Every structure is written in C-alpha cells, then in structure tokens.
Amino acid sequence: MTHRNERHRVAVHPVVAYDRAVLTAVVRQIFAAYGLPARVRGGTPVLLKPNLIAPRPSADAVCTHPEVVRAVAAAVIDCGGRPCVGDSPGYAPLSRCIEKSGLKPVLDELAIGVVPFSAAASFPVPDHRLSPRIELAAALADFPVIINLPKLKTHGLMGLTLAVKNLFGCVPGIRKAGWHYRAGHRRELFARMLLDIHAAVCPALHLLDGIVGMEGDGPTRGRPVPVGLLAAAADGPALDWTVEGLLKYPETTPLIAAALDDGSLDPARITVDNHGFTAPEGPLKPARSARATARFPLHSMLRRLVVRRPRIAVSRCRRCGVCVKHCPAGAMKLVDGRVRIDYKTCIRCYCCHELCPYDAVRVGWVPGWIAAAQVEEEFDNERTDDAAGTSAGAATAVAAADAPGRAAGGGDPGAGTCNNDFGRGAHKRG
Ligand code: SF4
Ligand code: SF4
C-alpha cells in the first residue's frame, strides 16, 4: 500500500511523436528507473490498463495510443513478464474498442491476451476515504503487477483525466453508473471514490500518454492537441499533480483538491525528474462544463443559482439509445423517437455527454431560476450549436433542477458491496 509519508518521483520525458524506436528507449529508461525489470521477471503476469473508453481511432486522441501500449508490452516481455490488456469501456464491447483504436495488430503481433473486466469482486481499500472495500473487476486479482496507461485528456466532470481517473475503468460495466449515481454532481465525492479505487488497485507504475492529448470537450468529444509528454510515476496523484502544474490547468481539479485535503498528496514529497519537457504555449482548453465551473468558482455554494446540465442536440441525435441505457439516474427516455431528459431526476454526472457516439449531448450552464422552471429541454444544434450551454433554449414545464445530496444514497457509497473476502495485496507497495 502507499504510505502517506513516502517520497514520490515523477519522470517527465519530452516525446513529440509515436515513434517506435523513441518510445522503446524511453519506456526502457522508465522501467529501469522504477525497478520494473525485477518485479516482472520469471513469467510474472502483468496487466496493462490503457484508456479504451470508446471505439475511436488513435488519431482522435480518445484512447491510449497503440504504440505506447506496444512499447510497454514489449518492455514487459523483454524483462521476462507476461503482459495482458484489460479494461471496461464506456458502452461498446472491449473487442470493438481494441479493433477501432488500432491496438489489435499490436496484440496479435506480440501474442498478448485480453482480459475483459466483466465479473466483479470485492477488494480492500487501504486508508479508505469512503468504504473499506470496493467492487472492482475480479480479473485484477490475477495480476501481481498492474501498469496503468492513461491518456492525457480534459474531462467534463473532473477537469482532467490522467492517471487516477483512468482507473475508473477497473469498475466493471454498468457498476460505473452506480458510482455516478451515488456521487451525483458532487465532484469532490467522485474524486474521493477515484482515490479509493487507486488505493485498491495500487498499480506498480503509471505511464501517461500525453504525446498527443485532448483539449475541449473531453474525454471523448474534444480536440487532439500535441503536448509532447510521456510521464511516469509509481504514485497516481503525484503524477496527476505534476502534470496539472506543468500544463498550467486553470483550476485545481477536484481529484487533486481531495488528495491534498485528505493528506494522501503532499507536494513537498514529490521530486520531478524533468528530462527536458517544456509545456506548450497556453493552458489546455477545458471542457465546456468544466469551464462553467471555473467561471463560477463558488459554484458549490451557488448551485441554486447556476446549473450545469446536459441537453440533446436533436439534429445530431441518431436515437441509438446508448445514453438512455447508461444514464445512472434513469433520467433519459426515448419518447416518440426523441430523447427526453427529466431534469428532476438528472444527477448531472455527464455520462450521456461522455458516451454519446454522435456528439449529440451538450453540457452547458443555465441560471438556476430558469432551470427550476424546466423539466426538459432540447435544441437544434444546426441553429444553436455555438450557443449551447449559454442560453436557456426552448423550455417546457416545471420542477426544481438541483437537489443537493439527492443522489448520494447515504454517506457510505461502498457500503453493502463486500460479498467476499477476496483481496490481492501481492503487488502492493510498501
Ligand atoms: S443523444 Fe446520443 S447516445 Fe443518446 S440516443 Fe441520441 S445519439 Fe444516441
Ligand atoms: S441525463 Fe445525463 S447527466 Fe443526467 S443523470 Fe443521466 S447521464 Fe447523467
């Protein structure tokens, strides 16, 4: 487990392209620096956890680039370990995400197996914030060494998705919706849950693909942006704090705020080994929903006055039903061939925005007194796309939009999930 007074080293490498030779050299340097060769030798099963959130090509910068996965898998094999790839994507089958992202030829060439995160098991959470145990993919228990391979992206709910957020993919399938429902729009509660997942999974190494990252409406709808960064650490919050600072992200993300608050992150104990990376000019452009929060830093106090929420761009919507199926609050329905959002029930988790394959869900802010007079809202993006999130649009009906704490379901989101005594621990640090 991670000791709170441990010192952490974060390695930051300038890497400007997915060049195989360069990646091989840098990953080997990182492996040596973090003692991986000794940990994976002798046929040790090693789980690689990339970001495979959606079936999107590598050029979209949604998923971890296949060349990064290749370099890490090859390094594991060279050290005598046996790599496998595992993840639980947002809505599509893992095999489709692997194929579409360009990872399949890499797995075939290196004879790397795939582990779907379907079954769940209960894992202990050292130094827990919310619950002493948490349900994660049962397959995690089969791997003494886990290497987390996140993608650098902006994120509508959490500001940025880096090392710690990528581990949310260790929650199998629809259980993710349960966590969104419990946390609702309370980003600080969601952040504490992510820190608990990080403590339970306890990867041996986090290696961030920030060669080309994403800005704007991440994690799936943003714009690819060259960042030129490959960063590594044995501690996820330390890596996230370092990258957030290097990129001059305009707000302290909820995850870093939660880790600083509970003492699990201490900047004084972080040493950054920068091998020559210089950040691009100007900060990453945040997601629209995160921008709204930055614009209203007292949002949590003023949430009756300012409300961020999703709405449907009707001319983009293909009625595929993905959002309806995955809405954790059951707030979305297909009615007469159109998606309706019940704002009385919506917990503003933005899963619909994240998962819509057709970019038909937008998140924006509206004044609370206007939101309180609306039950549902949609807009025609052909006419009003640029104004998305800045006006109330065409409203119908009544109801309060925001009920703080409605979604929490009590103070212990993990309570009641411990149904066996399954623990890993073999790969844990400390
Ligand atoms: S909003 Fe997106 S996810 Fe929902 S039905 Fe329309 S196209 Fe599908
Ligand atoms: S409508 Fe969208 S933001 Fe609201 S609860 Fe459902 S998935 Fe979350």
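Every number here is computed from the coordinates shown, using simple stated rules; none is lab data. All figures in this text were calculated on a predicted structure; none of them were measured in a lab. Cβ placement follows ideal geometry from the backbone for every residue including glycine, while neighbour counts extend to all protein chains displayed.
Values as computed for the structure displayed
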| read-out | value |
| --- | --- |
| Around G42: net Lys/Arg minus Asp/Glu count, Cβ-Cβ under 15 Å | +2 |
| Distance between modelled label sites at A25 and A257, nm, 7 Å Cα→Cβ extension | 4.2 |
| FRET efficiency for V335 and E99, using Cβ-Cβ distance with R0 set to 35 Å, rounded to 0.05 | 0.55 |
| Qualifying lysines (Cα of each under 18 Å from Cα of K153; at least 8 residues distant if same chain) | K49, K165, K248, K285 |
| Prolate/oblate/rounded call for the range 8-274, Cα gyration tensor, a/c under 1.5 rounded | rounded |
| Long-range HN-HN contacts of V15 with modeled amide H, under 5 Å | L229, L230 |
| Fully extended contour minus Cα-Cα distance, from D78 to S315, at 0.36 nm per residue | 80.2 nm |
| Amide H contacts of V115 (H built 1.01 Å from N, under 5 Å, at least 5 apart or other chain) | V85, G86, D87 |
| Neighbourhood charge, 12 Å Cβ-Cβ cut-off, centred on G81 and excluding it, Lys, Arg +1 and Asp, Glu -1 | +2 |
| Gained length - A141 relative to R269, 0.36 nm times residue gap less alpha-carbon distance | 43.1 nm |
| Whole-Hz couplings from phi, Karplus 6.51/-1.76/1.60, listed for the range 246-261; x for Gly and Pro | 4, 8, 6, 4, x, 9, 6, 5, x, 5, 5, 4, 5, 5, 5, 5 |
| Gain on full stretching of the segment that runs from D108 to A279 - 0.36 nm per residue minus C-alpha separation | 58.0 nm |
